[in-house]
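Encoded as structure tokens, the structure appears first; notes follow it.
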Amino acid sequence: MTAPAISVDGVGVDYQRALHPAGSIKELFIRTARRDMEYQRVWALRDVSFELRPGEVIGVVGHNGAGKSTLLSVISGVLQPTVGRIVVRGRMTPVLGIGAGLDIDMTTAECIVLLGSLLGRRPAEMRSRVIPIAEWAGLSNYLDSPVRAFSTGMFARLGFSIVTDDVPEILLIDEVLSVGDAGFQARSLKRIETLANAGATVVIASHDLVTVERLASRILWLSGGRTVMLAEAETVGAAYVDSAAPEQIE
């Protein structure tokens, strides 16, 4: 039997929140020195467990603060769980922030080589992919331009086109499809489907339930850091919509 690509077992992440925040930096230092700051333990994730088979696409939904981004950060290794265990089998490509890894003083071509190299690809290979990547991103006319003047949409197109240029073993996507224009979003969606069909294991967190249902075979619904439901996409999607008025669905 094939081992899971991702195993999440009883994972929890907590942090300390001040019950009565200081009104200034001076007050913070004084109260910290006196040790009279009172804190509350807050769980961003609590007892989350699931397994993801190689080549499977799973969606993660929930309102703001549900724990979606925290879960992806823990899987990627950006955060360490307070409790529980995560096992990842395969080369991981996280897309947790559009433009992450892009140096604003570099040109588009230089950023393509740099970010691709940071993701484990050979610099020589990335240099050969500069033009195709820029063309897919719609940035062919900006190859020698510094990216500091890029709009959010341009950053989105460049970052996403770089990290999805190759078929990853595991792809983590956090809200990236909500950035950029409608044309970019449609092409990005198609590319994710292509990667999944090519065997990539995908975890996608998004407020866009329609997109998640289209891409994922299963959906994990989080609320307050806890699992509400984990089942087939259609089943969870229907329950998620029924749980709140349409204007409350994110």
FRET efficiency, Asp105 to Asn197 (Cβ-Cβ, R0 35 Å, nearest 0.05): 0.40
Added length on full extension, which subtracts the Cα-Cα distance from 0.36 nm per residue, Ala231 to Ile131: 31.9 nm
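What is the range 128-177 by shape, rounded, prolate or oblate, if you read a ≥ b ≥ c off the alpha carbon gyration tensor as root eigenvalues and call it rounded for a/c under 1.5, prolate for a/b larger than b/c, and oblate otherwise? Could you put the intermediate results ahead of the total?
Details: a/c = 2.69, a/b = 1.36, b/c = 1.99.
Taking the square roots of the gyration eigenvalues as a ≥ b ≥ c, the range 128-177 is oblate.
Given R₀ = 41 Å, FRET efficiency for Val42-Ser117 by Cβ-Cβ distance, to 0.05?
Working: r = 38 Å, r/R0 = 0.92.
E between Val42 and Ser117, to the nearest 0.05, is 0.60.
We did not get these values from a lab; they are worked out from the coordinates using the rules stated. All values derive from a computational prediction rather than experimental measurement. Neighbour counts run over all protein chains shown; Cβ positions are idealised from the backbone, glycine included.
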